[in-house]
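Peer 1: Sending over a structure as structure tokens; questions will come in a sec.
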Amino acid sequence: MAIIGTTYVIKNNKKIKGYAIRFGSYLHFLAVDKKCRGKGIGRKVIKKALPKIRTLRVHINNKKAIQLYVSLGFQIIGTDRRLTGLQYLMKR
Ligand SMILES: CC(C)(COP(=O)(O)OP(=O)(O)OC[C@H]1O[C@@H](n2cnc3c(N)ncnc32)[C@H](O)[C@@H]1OP(=O)(O)O)[C@@H](O)C(=O)NCCC(=O)NCCS
């Protein structure tokens with residue numbers, strides 16, 4: 001069975017500056033172009049997907065992302081050791 005994801009993007013001058021990928025109610029990925037960070041694009045793109053997102057994982061040392069998620073109502077409900085390191089599991 002194929003897993004279908006949904007991608008949300010923020011563009012500027014036809015170039016993608018930020019995007020989020022959602023699988024069901026899980027936020028699979030969120031990223032903003034390095035040169036464009038700290039300008040509200042991350043918040044804008046996740047807000048597009050937010051009504052459908054309930055859970056996500058984030059590296060425990062990713063303070064920026066954790067702060068963003070907490071400000072949107074997510075809470076840490078546990079930790080999860082993945083191949084890429086220790087992550088928080090967050091839910092709202
Ligand atoms: C995390 C990321 C998506 C944030 O995108 P952004 O466009 O820089 O974020 P915004 O400018 O929209 O800021 C949103 C919130 O993030 C947090 N934040 C952003 N920059 C921050 C910084 N330098 N220090 C602390 N918190 C910060 C704040 O809570 C901020 O809210 P505020 O502006 O009301 O204070 C971006 O840094 C990124 O792409 N990082 C690399 C990929 C990544 O870590 N993705 C998340 C994986 S789970």
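Peer 1: Neighbouring Cβ atoms within 10 Å as the yardstick, rank ARG54, ARG22, ARG81 fewest first.
Peer 2: Numbers: ARG54 13, ARG22 21, ARG81 8.
Starting with the residue having the fewest Cβ neighbours, the order is ARG81, ARG54, ARG22.
Peer 1: Would you report the distance distribution of C-alpha pairs in region 45-92 as whole percents per 5 angstrom bin, up to the bin with the largest distance?
Peer 2: That works out to 5, 23, 33, 24, 12, 4, in percent per bin.
Peer 1: Would you mind calculating the relative contact order of the chain from Cα pairs under 8 angstrom and at least 6 residues apart, reporting the percent as a whole number?
Peer 2: 21
Peer 1: For region 20-30, just list the computed ³J(HN,Hα) in residue order, Karplus coefficients 6.51, -1.76 and 1.60, θ = phi - 60°, integers in Hz, with x standing in for Gly and Pro.
Peer 2: So the Karplus estimates, Gly and Pro as x, are 9, 10, 10, 10, x, 9, 9, 7, 7, 7, 8 Hz.
Peer 1: What list of ³J(HN,Hα) couplings, whole Hz, do you get for region 61-66 from phi and the Karplus terms 6.51, -1.76, 1.60, once you set θ to phi - 60° and write x for glycine and proline?
Peer 2: Taking θ as phi minus 60°, the curve returns 9, 8, 4, 4, 5, 4 Hz for region 61-66.
Peer 1: Using +1 at the Cβ of each Lys and Arg and -1 at the Cβ of each Asp and Glu in the chain, identify which of ILE46, ILE77, ILE60 lies farthest towards the dipole's positive end.
Peer 2: The residue sitting most towards the positive pole is ILE46.
Peer 1: Each label point is 7 Å from the Cα along the Cα-to-Cβ direction; what then is the distance between the points at LYS14 and ARG81, in nm?
Peer 2: Spacing of the two 7 Å Cα→Cβ label points: 4.9 nm.
Peer 1: Provide, for q = 0.12, 0.13, 0.16 Å⁻¹, the log10 of I(q)/I(0) from a solvent-free Debye sum over equal Cα point scatterers in region 6-91.
Peer 2: Relative scattering, expressed as log10 I(q)/I(0), comes to -0.34, -0.40, -0.60.
Peer 1: Short version: ³J(HN,Hα) in whole Hz for each residue of region 74-84, in order, from phi by Karplus 6.51 cos²θ - 1.76 cosθ + 1.60 (θ = phi - 60°), x for Gly and Pro, what are they?
Peer 2: Using θ = phi - 60°, the values come out as 7, 10, 6, 10, x, 10, 9, 8, 10, 4, 8 Hz.
Quick note: the coordinates plus some simple rules give every number you see, no bench work behind them. Please read all numbers here as calculations on a predicted model, not as lab measurements. No Cβ is skipped: glycine too gets one built from the backbone with ideal geometry, and neighbour counts run over all protein chains shown.
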